[in-house]
1. Simple spin-label model, 7 Å along Cα-to-Cβ: TYR45 to TRP75 in nm?
2. Quick one, can you get me the convex hull of the C-alpha atoms of the chain expressed as volume per residue in Å³?
3. Compute the whole-percent fraction of alpha carbon pairs in region 61-129 spaced more than 14 Å apart.
4. Can you compute the helix-only [θ] at 222 nm over the chain? Use -39500 (n - 2.57) per DSSP H run of at least 4 residues, normalise by all residues, nearest 500 deg cm²/dmol.
5. Contour minus end-to-end for VAL94 and ARG26, with contour as 0.36 nm per residue of separation and end-to-end as the Cα-Cα distance?
6. Taking the Cα atoms of region 2-55, report the difference between the largest and smallest coordinate on each principal axis, in whole Å and largest first.
7. About the Cα centre of the chain, how large is the charge dipole given +1 on each Lys and Arg Cβ and -1 on each Asp and Glu Cβ? Please answer in debye to the nearest 20.
8. Just how large is the dipole of region 61-129 about the Cα centre, in debye to the nearest 20, putting +1 at every Lys and Arg Cβ and -1 at every Asp and Glu Cβ?
Amino acid sequence: MTQEVFIRLAQTETENFDSTEAFIFRIATNLLRDRSRRDRVRDAYRQSVEQEDTEVDPLDPHRVAAARETIGKLWAAIQALPEPTQQIFILYRVENMDKQTIADNFGYNVRTVEKHISRALVFLARRVGGRP
């Protein structure tokens, strides 16, 4: 905070003031007020988020069943992908392998790998999203 006071002091012409010490004190006071307001806003937000979380049961059986069903649909859709697209998608999204390494392993260029990933994402979104 001391650095912030010096920055504001350096950005202002102090020749126009009767008391530089009073001006420095005013800068510090304003910075403290700003920090206090910011902390109050953050605390209020944190409390509102915590209250929202307590209203939702993270182990709701319906949510667990729905999530399992979605995962099952996703896995079935991944299995339905053509072989090179499936392998590339799994390496990229599941194994977190970078595109260049995948391209090198398959003998493709990076743009081809990106096209396979894009096709896989569109296919999976349609299958899991319920659209044909």
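What follows draws every value from the coordinates through simple rules; no lab data is involved. Computed from a predicted model, the values in this text were never measured in an experiment. Every residue, glycine as well, gets a Cβ built from its backbone with ideal geometry; the counts of neighbours run over all protein chains shown.
1. 3.8 nm
2. Roughly 233 Å³ of hull volume per residue.
3. Working: 1405 of 2346 pairs.
Distances greater than 14 Å cover 60 percent of the Cα pairs.
4. The helix contribution divided over the chain gives -25000 deg cm²/dmol.
5. Answer, rounded to one decimal: 19.0 nm.
6. For region 2-55, the Cα extents along the three principal axes come out at 58, 15, 15 Å.
7. Numbers: 20 positive and 20 negative charges, 162 e Å.
About 780 debye.
8. 360 debye
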